[in-house]
6 protein chains.
Amino acid sequence: MPLIQVVQTPGKTAEQKRELVRELTDTYVRVTGGKPESVWVTIGEVATDSWSIAGETLADRAAKA
Amino acid sequence: MPLIQVVQTPGKTAEQKRELVRELTDTYVRVTGGKPESVWVTIGEVATDSWSIAGETLADRAAKA
Amino acid sequence: MPLIQVVQTPGKTAEQKRELVRELTDTYVRVTGGKPESVWVTIGEVATDSWSIAGETLADRAAKA
Amino acid sequence: MPLIQVVQTPGKTAEQKRELVRELTDTYVRVTGGKPESVWVTIGEVATDSWSIAGETLADRAAKA
Amino acid sequence: MPLIQVVQTPGKTAEQKRELVRELTDTYVRVTGGKPESVWVTIGEVATDSWSIAGETLADRAAKA
Amino acid sequence: MPLIQVVQTPGKTAEQKRELVRELTDTYVRVTGGKPESVWVTIGEVATDSWSIAGETLADRAAKA
């Protein structure tokens, strides 16, 4: 333990995911002193038409920008 | 903050999602008095063969109905 | 179905929670056309020392403001 | 209530999912004494390139084994 | 892998929790053929004033019953 | 976006939490190139009698060790 669950928008490469889970794990272990073997990281994705800030989807915000 | 995470079955249109995140955000702000900018909404989906009530998937329940 | 999971900071009254779950349910049903009986809402809390934006806890941000 | 959320890697058959939700529900009811009708189970999936142990993705671990 | 996250209302004994995590793990392994060592179960709680069905909290529903 | 949700056992100090959210945010930004302002981190806790590996709670595993 712990469990670190990342939720982000799609579009990251396999290499970015690989680096992300490795680096988040290292960071957690460095700060808390736990063992790497007990750290799980999962990466989930939510599309930009299904994520909103201030009631507006990220897709719509991007279209305006 | 807050975070509002909706999990539903697939099949909603883009327009329904757009309206849903806007209306849920408005509702939250109206009830609690917070600021819209601090409200995140995410919509996730779980297929009907992966969601059960009383041990029976929604897909199987629909097939019987 | 669906499931609506709200995560917010502590401090809301019982009456606000009561109104929040009722209003979020009504909103969901109005937008999607589902049945109220199939809507679950849960409210969870995360303390301000355990929630960050831009790497700074909400507690620290509030202390500065 | 309760809600039982399973997260696993892809590759299970429809029949395994059907059995899984039925058996997890039965188990919960047997241990706690609740009613089957109040038990929701959802099954979500995280790909092996998006799940890590000790900072290494399950995909990379499998490739080495 | 997998992760099984149970969310329920408070009031279960330590012995019920112990039995619950053991039995859910056994069930998962029996159905899917995985290894017990790779199964994590977590139990979370949501109070009855923070969980609603059809827009009414479980606390209010219980008070009426 | 993104959202990084950490779940761990209780017992971390306020200073560890402060460092953890800051360092996880920095790590995410460094790997993916996003903006710090769009990164939310939440820390949740699950007690050792409510978290199991291989069907045995962390509390029971610790008592044996």
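The values are calculated or read from the model by the stated rules, or taken from the named source; none is laboratory data. Remember, it's a predicted structure, so these values are computed and weren't measured experimentally. Because the Cβ atoms are built from the backbone with ideal geometry, glycine has one as well, and the counts that use them run over all protein chains shown. Only protein heavy atoms, including side chains, enter the accessible area calculation; ligands, DNA and RNA are left aside. Shrake-Rupley method; radii C 1.70, N 1.55, O 1.52, S 1.80 Å.
Among what's in segment B:39-55 and is over 25 Å from C:ALA54 (Cα atoms) and either more than 7 Å from every other protein chain (Cβ to nearest Cβ) or among the β-branched types (Val, Ile, Thr) (or both), pick the residue that is surrounded by the most Cβ atoms within 10 Å (Cβ to Cβ).
Only one residue fits best here, namely B:VAL46.
What's the total number of residues in segment F:1-11 that are in a strand (DSSP E or B) and open to solvent by less than 10 Å² (accessible area, probe 1.4 Å)?
Selection size over segment F:1-11: 4.
I'm trying to understand the selection: among the residues of segment A:12-38, which are crowded, with 22+ Cβ neighbours inside 10 Å and not hydroxyl-bearing (Ser, Thr, Tyr)?
Once the filter is applied, which keeps residues that are crowded, with 22+ Cβ neighbours inside 10 Å and not hydroxyl-bearing (Ser, Thr, Tyr), segment A:12-38 yields A:LYS17, A:LEU20, A:VAL21, A:LEU24.
Could you say whether any residue in segment B:47-65 is closer than 21 Å to F:PRO2 by Cα and not in a strand (DSSP E or B)?
Residues of segment B:47-65 that are closer than 21 Å to F:PRO2 by Cα, as a first pass: none.
Checked segment B:47-65: no residue is closer than 21 Å to F:PRO2 by Cα and not in a strand (DSSP E or B).
Taking interchain pairs and intrachain pairs at least six residues apart, which have beta carbon atoms under 7 angstrom, with the first residue in segment E:15-27 and on the phi > 0 side of the Ramachandran plot and the second part of a helix (DSSP H, G or I)?
none
Got at least one residue in segment D:19-37 being closer than 27 Å to C:ILE4 by Cα, small (Gly, Ala, Ser) and out of contact with any helix residue (DSSP H, G or I) (no Cβ under 6 Å at 6 or more places or on another chain)?
The answer is yes, given that some residue of segment D:19-37 is closer than 27 Å to C:ILE4 by Cα, small (Gly, Ala, Ser) and out of contact with any helix residue (DSSP H, G or I) (no Cβ under 6 Å at 6 or more places or on another chain).
Looking at A:THR25 and the list (1) over 23 Å from E:VAL39 (Cα atoms); (2) touching an Asp or Glu at 6+ places or on another chain (Cβ under 9 Å); (3) of a type in the set (Val, Ile, Thr), which single condition is not satisfied?
(1)
Is it true that C:GLU23 is in contact with a Lys or Arg (Cβ under 8 Å, 6 or more places away or on another chain) and farther than 28 Å from A:LEU24 by Cα?
yes
If a residue has to be among the polar types (S, T, N, Q), touching a Ser or Thr at 6+ places or on another chain (Cβ under 8 Å) and more than 7 Å from chain D (Cβ to nearest Cβ) to count, how many in segment A:13-33 make the cut?
2
Conditions: (1) free of Cβ contacts under 8 Å to residues at least 24 places away in the same chain; (2) touching a Phe, Trp or Tyr at 6+ places or on another chain (Cβ under 7 Å); (3) within 30 Å of E:VAL39 (Cβ to Cβ). A:ILE53 meets all but one. Number of the miss?
Status for A:ILE53: all satisfied but (3).
Can you spot a residue in segment F:3-25 that is over 14 Å from the mean Cα position of the chain (by Cα) and more than 26 Å from E:GLU45 (Cα to Cα)?
No - not one qualifying residue is present in segment F:3-25.
Picking from A:PRO36, A:PRO2, A:PRO10, which residue would you name as being within 10 Å of chain D (Cβ to nearest Cβ), farther than 14 Å from D:TRP51 by Cβ and not hydroxyl-bearing (Ser, Thr, Tyr)?
Working: A:PRO2 fails: within 10 Å of chain D (Cβ to nearest Cβ); A:PRO10 fails: within 10 Å of chain D (Cβ to nearest Cβ).
Testing whether each residue is within 10 Å of chain D (Cβ to nearest Cβ), farther than 14 Å from D:TRP51 by Cβ and not hydroxyl-bearing (Ser, Thr, Tyr) leaves just A:PRO36.
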